[in-house]
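Novice: Have a look at this one before I ask anything.
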Amino acid sequence: MRYLIILTYFFIFNFSLLYGQDDICKNCIEYTLEVFSNKLQGSSLQFPGYDVSMILPSKFLKQEISIKKLKEIIDTSDIKGEFIFPNGKTTEIKYSIIPYKDSTTIFMKTSNGWYPWDKMRIENNRLIFSYDYWYCPPATKTDLEIIDLCFRYLCDSTHWNHNDDRDCEDDKNNSCMSLFCAIKIASIEVLKEYNHRNTVIQTVRFVIDDLVPNREFEHTIMDFNNLPTTTYKDILKVLKLAKERINKELLEKSK
């Protein structure tokens, strides 16, 4: 995973130099999808070997690709695809349509996170889009519920697991949770599903990056949790700061 993240940023950085910062955001990956049999599939110049696919009705693929028609099909059908790794391993993608930047866009749900597509366009009957690898969804009051539940799970130091392995079943069974597992379990409890890059998890990652800069964490939340120098008070501090950031975002929205 650490190699994957480093590789991602290497390609993003070099692609940005090549095409300019205005064309693609700092953490964005651009994909080009082409028609293959019963699906759209393609990869990225910045991230070669990691393919994205979308399985579509044959009648759609027989005509010229249209973003409007593609959105209509996704909005009215159960459209899925795959994220394909260089070693052949795959993970399912579920597609939907969501409000985004005063319009709508295609939303890609994967096991590694949920991402809105940006800068969609058609060139030579190929679909091109980008997504922000570190996308953080807009804050909602539900995110505060998740953090409050984390505080309840971690009600005292005896309920904090200082040796996280990101396998949260035993944390739940033992009522002794790492920071990551508290967020994951609380997210599932409140939302009934889990997004590995939901607002709370992303905000906590950003807080940790600010508190412990220049650390090459492979898994930010787990590695911070497991540092010998991290204390129970540090865990509560991270949750407190994350809650303050989410509250601030909600307050600014309400103005």
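What follows is calculated from the coordinates using simple rules that are stated; it is not laboratory data. Fair warning: this is a prediction, and the values are worked out from it, not measured in the lab. Note: ideal-geometry Cβ built from the backbone for every residue, glycine included; neighbour counts use all protein chains shown.
Novice: Tell me, what is the FRET efficiency for L236 and L45 to the nearest 0.05, using R0 = 51 angstrom and their Cβ-Cβ distance as r?
Specialist: After rounding, the FRET efficiency stands at 0.75.
Novice: Roughly how many debye, to the nearest 20, is the charge dipole of the chain about its Cα centre, given +1 on each Lys and Arg Cβ, -1 on each Asp and Glu Cβ, and no other charges?
Specialist: So the magnitude is around 600 debye.
Novice: With label points built 7 Å along Cα→Cβ from the Cα atoms of C155 and N38, find their separation and express it in nm.
Specialist: Label-label distance for C155 and N38, simple model: 5.2 nm.
Novice: Summing +1 for each Lys or Arg and -1 for each Asp or Glu, what net charge is found among the other residues whose Cβ lies under 11 Å from the Cβ of Y135?
Specialist: -1
Novice: Among L236, N125, A186, whose Cα projects farthest towards the positive end of the dipole of the chain, with charges put on the beta-carbon of Lys, Arg (+1) and Asp, Glu (-1)?
Specialist: Sorting the options by dipole projection puts first N125.
Novice: For the chain, what is the calculated [θ] at 222 nm in deg cm²/dmol (nearest 500), taking -39500 (n - 2.57) for each run of four or more DSSP H residues and dividing by its residue count?
Specialist: -13000 deg cm²/dmol
Novice: Sticking with this one: Of the options S254, H162, M222, report the single residue whose Cα projects farthest towards the positive end of the charge dipole of the stretch 141-254 (beta-carbon charges: Lys, Arg +1; Asp, Glu -1).
Specialist: The listed residue farthest towards the positive side: S254.
Novice: Now, a different point. How big is the antiparallel share of DSSP beta bridges in the chain, given as a percent to the nearest 5?
Specialist: So the antiparallel bridges amount to about 95 percent of the total.
Novice: For D148 and N163 in the same chain, what is the full-extension length gain: residue separation times 0.36 nm, less their Cα-Cα distance, in nm?
Specialist: Residue separation times 0.36 nm, minus the Cα-Cα distance, leaves 3.2 nm.
Novice: Please list, short to long, the whole-number percent of alpha-carbon pairs of the stretch 141-254 in consecutive 5 angstrom bins beginning at zero.
Specialist: Taking every Cα pair in the stretch 141-254, the percentages come to 2, 13, 24, 26, 21, 10, 3, 1, 0.
Novice: Taking Cα atoms, how many degrees apart are the long axis of helix 67-76 and the longest axis of the chain, rounded to 10 and kept between 0 and 90?
Specialist: Once rounded, the angle reads 60 degrees.
Novice: Identify unpaired cysteines across the chain, taking unpaired to mean no other cysteine Cβ lies under 4.7 Å from the residue's Cβ.
Specialist: Within the chain, the cysteines lacking a partner Cβ under 4.7 Å are C136, C150, C155, C176.
Novice: Take the Cα pairs of the stretch 152-210, get the Kirkwood Rh, then feed it into Stokes-Einstein at 20 °C and 1.002 mPa s and tell me D in µm²/s.
Specialist: D = 182 µm²/s.
Novice: Still on this structure, please answer the following. Kindly rank 191-201, 75-85 from highest to lowest mean number of other beta carbons found within 10 Å of each residue.
Specialist: 191-201, 75-85
Novice: May I pose another question? Multiplying the sequence separation of K68 and N124 by 0.36 nm and subtracting their Cα-Cα distance, what value in nm do you get?
Specialist: Going from the current span to full extension adds 18.5 nm.
Novice: Expressed as a whole number of Å, what is the distance separating the alpha-carbon centroids of the stretch 218-233 and the stretch 40-65?
Specialist: When both Cα centres are located, 39 Å separates them.
Novice: Could I ask something else about it? Using the Karplus equation 6.51 cos²θ - 1.76 cosθ + 1.60 (θ = phi - 60°), what ³J(HN,Hα) coupling, rounded to whole Hz, does each residue of the stretch 153-170 give in order, writing x for Gly and Pro?
Specialist: Values per residue, Gly and Pro as x: 4, 9, 5, 8, 5, 6, 9, 9, 9, 7, 10, 6, 10, 6, 9, 8, 5, 5 Hz.
Novice: How far apart, in nm, are two points set 7 Å out from the Cα along the Cα-to-Cβ line at D209 and at N174?
Specialist: Calculated label separation equals 3.1 nm.
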